[in-house]
Amino acid sequence: MKARTRVAPSPTGDPHVGTAYMALFSYCYAKKTGGEFILRIEDTDAERSTPESEATILDSLRWLGLDWDEGPDVEGPHGPYRQSERSDIYGQYAERLIADGHAFRCFCTRERLAEVRASQMKAGETTRYDGHCINISTDDAAALMAAGEACVVRMKIPEEGVCTVKDELRGDIEIAWSQVDMQVLLKADGNPTYHLAVVVDDHLMEITDIIRGEEWISSAPKHILLYEYLGWPMPKLVHMPLLRNPDKSKLSKRKNPTSIGYYKAMGFLPEALLNYLGMLGWSMPDGEEKFTLDEMIENFDLSRISLGAPVFDVDKLSWLNGRWLRETLDDGQFADRVTEWALNRDNLLKIIPLVKERVDVFSQLAPMISFFAEGMPELSPESLKVKNVEEEDVKKILQFSLWRLEAQILWERDPLNQLFVDLAESLGLKLRDVLAPIFVAISGKPVAPPLFDSMAILGPDICRARLRHAVSVLGGVSKKQVKRLEKEYKEL
Ligand code: GLU
């Protein structure tokens, strides 16, 4: 049977390698059967979702070569593929669930819910909704709504027994209904939560196999129940193991760059990154570590997935990338790829206006602009020194700048400039002193082309990584220091 799979990222940040991982396995699974791979944008969280984030996710997946058959920019028979454009679809299903007695309107205030939660915590119980509104009659609910009372729609959960989640990799997983909350399906503003939207969309988009991260296992009972309530066939569930840092903690940007854009900006080949992701928890029958996407599809089989915690190890990725460079690209292709990477005309056209005034002969160019085609510049604690500023304060400036830059969405010269003006003001420091270590962190040198223009060209991933690198050159920040700095940062 032809499979239809999907990847369903939420556009709330940088395109994460975990998204690429799910996309790769979903893609291979569908293509192995001659089926379709769909990209759906799950932007039900209107406050955190941004079009910029969506655009970078699309760009990154496309750069990797994971082309989707249906999606927000390709369209198809099951569109729209962006949940914010499907908002009028979900309400009717919530109504149907209420009418069939599977869901109810809940008028509880935030304060009441907080009280219930607090007392459950005190009693050492699982925190969950206590069913206060479950028996409100249709008439009473209508009267309250007419009186302007806000309400959400919650799903009913069986009081006893267990839900058996059939996972294609793990077999049957039993979860007691007592551990499952009466999930909100429709928010007070009429918008769906992830749980309603994902079930409705996967059904309407005819998804046959859901491949996603293991962090969603605990949500599966709610979804299984919704399929049952709505009388829909349940897709197969495949929960992939989570990617890990080398110390086995969940992959996090504090320990490993997690943004796909970082790997692109560092000059990794998309083929190598895909190959590496394919090696995490999966292997070729002959054990060969270097393989193409087509070879992965040809040999794809869920039974080859191992559930051990796959470690995302940048050194191993670099090694594999080196093999791709040496074994796959001939000199002509190498030249083309490196030109395409950073020495392309578009990039040079952005860089040249910044340095033209300072150059008399071309040979002066390379040292001036080499940091545009570099990974992490070579830094020493001395190189980051700022006159009359303590080293600890320099570290603080770098860390605070990093946090501000992590939250910065519009990555252009003027907003970046403003960000530092504001930061210097809140810290009560001279702008010059705040910018001095940033200059060095970004360019590796105290004198460089205009900082904000350079940062705009370099892009967010490399700039953030270079600041993180500078912090680590100064000895890094311990967990304890992070706590203290976070507190100070919040009070700025
Ligand atoms: N939007 C969810 C995420 O960001 C998708 C989870 C799923 O695949 O069901 O991970």
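So which of Lys253, Lys248, Lys187 ends up being away from the ligand (no atom under 11 Å from the Cβ), of a type outside the set (A, V, I, L, M, F, W, C) and under 26 Å from Glu125 (Cβ atoms)?
Working: Lys253 fails: under 26 Å from Glu125 (Cβ atoms); Lys248 fails: under 26 Å from Glu125 (Cβ atoms).
From the options Lys253, Lys248, Lys187, the qualifying one is Lys187.
Filter the strands (runs of 3 or more DSSP E) completely within segment 1-112 down to those with at least 3 residues that are modelled with pLDDT of 95 or more and within 24 Å of Trp216 (Cβ to Cβ). Show your work before the answer.
Numbers: elements: 4-7, 36-39, 103-106.
Fully inside segment 1-112 and qualifying: 4-7, 36-39.
Residues that are in contact with a helix residue (DSSP H, G or I) (Cβ under 9 Å, 6 or more places away or on another chain), β-branched (Val, Ile, Thr), closer than 30 Å to Met205 by Cβ and touching a residue at least 60 places away in the same chain (Cβ under 8 Å): does segment 94-102 have at least one?
The answer is no; no qualifying residue exists.
Which numbered condition trips up Val200, out of (1) in a loop (DSSP other than H, G, I, E, B); (2) within 16 Å of the ligand (Cβ to nearest atom); (3) aliphatic (A, V, I, L, M)?
It fails just one condition, (1).
Among the residues of segment 163-197, which ones are of a type in the set (S, T, N, Q) and outside any loop (DSSP other than H, G, I, E, B)?
As a first pass, look at segment 163-197 and keep what is of a type in the set (S, T, N, Q): 164, 178-179, 183, 191, 193.
Selection gives Thr164, Ser178, Gln179.
Looking only at residues in segment 210-230 that are near the ligand (Cβ under 10 Å from one of its atoms) and not basic (Lys, Arg), which one is nearest to Ala94 (Cα to Cα)?
First, pick out the residues of segment 210-230 that are near the ligand (Cβ under 10 Å from one of its atoms): 210-213, 215-216, 219-220, 223.
Subsequent filtering for residues that are not basic (Lys, Arg) retains 210-211, 213, 215-216, 219-220, 223.
Working: Ile210: 22, Ile211: 25, Gly213: 26, Glu215: 25, Trp216: 22, Ser219: 18, Ala220: 18, His223: 14 Å.
Looking at residues that are near the ligand (Cβ under 10 Å from one of its atoms) and not basic (Lys, Arg), I get His223.
To keep it simple, each residue is scored yes or no on (1) surrounded by fewer than 16 Cβ atoms within 10 Å (Cβ to Cβ); (2) in a helix (DSSP H, G or I); (3) out of contact with any Cys (no Cβ under 8 Å at 6 or more places or on another chain).
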site	(1), (2), (3)
Asn417	no, yes, yes
Leu423	no, yes, yes
Arg432	yes, yes, yes
Ala436	no, yes, yes
Val440	no, yes, yes
Pro449	no, no, yes
Ile462	no, yes, yes
Arg484	yes, yes, yes
Glu488	yes, yes, yes
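Counting just the residues of segment 234-244 that are surrounded by fewer than 18 Cβ atoms within 10 Å (Cβ to Cβ) and in contact with a strand residue (DSSP E or B) (Cβ under 7 Å, 6 or more places away or on another chain), which one comes out farthest from Ser26 (Cα to Cα)?
Per the stated criteria, the residue is Leu242.
Would you be able to say whether some residue in segment 37-55 is away from the ligand (no atom under 12 Å from the Cβ), among the hydrophobic types (A, V, I, L, M, F, W, C) and touching a helix residue (DSSP H, G or I) at 6+ places or on another chain (Cβ under 6 Å)?
Among the residues of segment 37-55, at least one is away from the ligand (no atom under 12 Å from the Cβ), among the hydrophobic types (A, V, I, L, M, F, W, C) and touching a helix residue (DSSP H, G or I) at 6+ places or on another chain (Cβ under 6 Å), which makes the answer yes.
Listed here are the residues, each with its yes/no results for (1) of a type in the set (A, V, I, L, M, F, W, C); (2) within 28 Å of Glu47 (Cβ to Cβ).
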| site | (1), (2) |
| --- | --- |
| Asn191 | no, yes |
| His195 | no, yes |
| Asp202 | no, yes |
| Thr208 | no, no |
| Ala220 | yes, yes |
| Ile224 | yes, no |
| Met234 | yes, no |
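Just need a number here: residues in segment 214-233 that are surrounded by 16 or more Cβ atoms within 10 Å (Cβ to Cβ) and in contact (Cβ under 8 Å) with a residue 40 or more places away in the chain.
Residues flagged as surrounded by 16 or more Cβ atoms within 10 Å (Cβ to Cβ) and in contact (Cβ under 8 Å) with a residue 40 or more places away in the chain within segment 214-233 amount to 8.
Can you tell which of Glu392, Glu374, Glu357, Glu382 is under 27 Å from Val314 (Cβ atoms), more than 29 Å from the chain's Cα centre (by Cα) and acidic (Asp, Glu)?
So the residue among Glu392, Glu374, Glu357, Glu382 that is under 27 Å from Val314 (Cβ atoms), more than 29 Å from the chain's Cα centre (by Cα) and acidic (Asp, Glu) is Glu382.
Could you tell me whether Asp433 is farther than 30 Å from Ser49 by Cα and out of contact with any Ser or Thr (no Cβ under 7 Å at 6 or more places or on another chain)?
Working: farther than 30 Å from Ser49 by Cα: yes; out of contact with any Ser or Thr (no Cβ under 7 Å at 6 or more places or on another chain): yes.
When the stated conditions are applied, Asp433 passes them.
Given the structure, is Glu75 on the phi > 0 side of the Ramachandran plot and within 32 Å of the chain's Cα centre (by Cα)? Steps first, please.
Numbers: on the phi > 0 side of the Ramachandran plot: yes; within 32 Å of the chain's Cα centre (by Cα): yes.
It is true that Glu75 is on the phi > 0 side of the Ramachandran plot and within 32 Å of the chain's Cα centre (by Cα).
Please pick out the residue among Ser306, Ser318, Ser252 that is hydroxyl-bearing (Ser, Thr, Tyr) and more than 27 Å from Leu58 (Cβ to Cβ). Walk me through it before giving the result.
Details: Ser318 fails: more than 27 Å from Leu58 (Cβ to Cβ); Ser252 fails: more than 27 Å from Leu58 (Cβ to Cβ).
When all the criteria are applied, what remains is Ser306.
Do the conditions hold for Val165, that is, is it buried (at least 16 other Cβ atoms within 10 Å of the Cβ) and either out of contact with any helix residue (DSSP H, G or I) (no Cβ under 9 Å at 6 or more places or on another chain) or hydroxyl-bearing (Ser, Thr, Tyr) (or both)?
Against the criterion (buried (at least 16 other Cβ atoms within 10 Å of the Cβ) and either out of contact with any helix residue (DSSP H, G or I) (no Cβ under 9 Å at 6 or more places or on another chain) or hydroxyl-bearing (Ser, Thr, Tyr) (or both)), Val165 does not qualify.
Before we move on, is Val238 at pLDDT 95 or above, within 22 Å of the chain's Cα centre (by Cα), within 14 Å of the ligand (Cβ to nearest atom) and within 20 Å of His78 (Cα to Cα)?
Taking the combined requirement at face value, the residue does not satisfy it.
Considering (1) over 30 Å from Pro241 (Cβ atoms); (2) more than 33 Å from the chain's Cα centre (by Cα); (3) not β-branched (Val, Ile, Thr), say which one Gly161 fails and leave the rest.
Among (1) over 30 Å from Pro241 (Cβ atoms); (2) more than 33 Å from the chain's Cα centre (by Cα); (3) not β-branched (Val, Ile, Thr), the lone unmet condition for Gly161 is (1).
Arg128 is checked against (1) in contact (Cβ under 8 Å) with a residue 40 or more places away in the chain; (2) farther than 18 Å from Pro192 by Cα; (3) assigned to a helix (DSSP H, G or I) and fails just one. What number does that condition carry?
Among (1) in contact (Cβ under 8 Å) with a residue 40 or more places away in the chain; (2) farther than 18 Å from Pro192 by Cα; (3) assigned to a helix (DSSP H, G or I), Arg128 violates only (3).
Can you name the residue in segment 128-175 that is charged (D, E, K, R) and in contact with a Leu (Cβ under 6 Å, 6 or more places away or on another chain) and, of all such residues, is farthest from Leu226 (Cα to Cα)? Spell out the reasoning first.
Within segment 128-175, the first condition is being charged (D, E, K, R), and the residues that meet it are 128, 130, 139-140, 149, 154, 156, 159-160, 166-168, 170, 172, 174.
Okay, now just the ones that are also in contact with a Leu (Cβ under 6 Å, 6 or more places away or on another chain), so 167-168.
Details: Asp167: 17, Glu168: 20 Å.
Result: Glu168.
State whether the residues of segment 113-125 include one that is within 25 Å of Gly91 (Cβ to Cβ), without any contact (Cβ under 8 Å) to a residue 60 or more places away in the chain and either touching a helix residue (DSSP H, G or I) at 6+ places or on another chain (Cβ under 7 Å) or part of a loop (DSSP other than H, G, I, E, B) (or both).
Of segment 113-125, the ones within 25 Å of Gly91 (Cβ to Cβ) are 113.
The next check asks that each one be without any contact (Cβ under 8 Å) to a residue 60 or more places away in the chain; those that pass are 113.
Still in the running and either touching a helix residue (DSSP H, G or I) at 6+ places or on another chain (Cβ under 7 Å) or part of a loop (DSSP other than H, G, I, E, B) (or both): none.
No, that holds for no residue.
The conditions are (1) within 13 Å of the ligand (Cβ to nearest atom); (2) buried (at least 20 other Cβ atoms within 10 Å of the Cβ), and Tyr262 fails exactly one of them. Which is it?
(1)
Filter segment 83-125 down to the residues that are crowded, with 17+ Cβ neighbours inside 10 Å and of a type in the set (D, E, K, R), then identify the one that is nearest to Val199 (Cα to Cα).
Arg86
Collect the residues in segment 1-15 that are more than 9 Å from the ligand (Cβ to nearest atom) and out of contact with any Asp or Glu (no Cβ under 6 Å at 6 or more places or on another chain), keeping them in residue-number order.
Listed by number, the residues that qualify are Met1, Lys2, Gly13, Asp14, Pro15.
The values are calculated or read from the model by the stated rules, or taken from the named source; none is laboratory data. All values reported here derive from a predicted model rather than from experimental measurement. Virtual Cβ from ideal backbone geometry, glycine too; neighbours counted across all protein chains shown.
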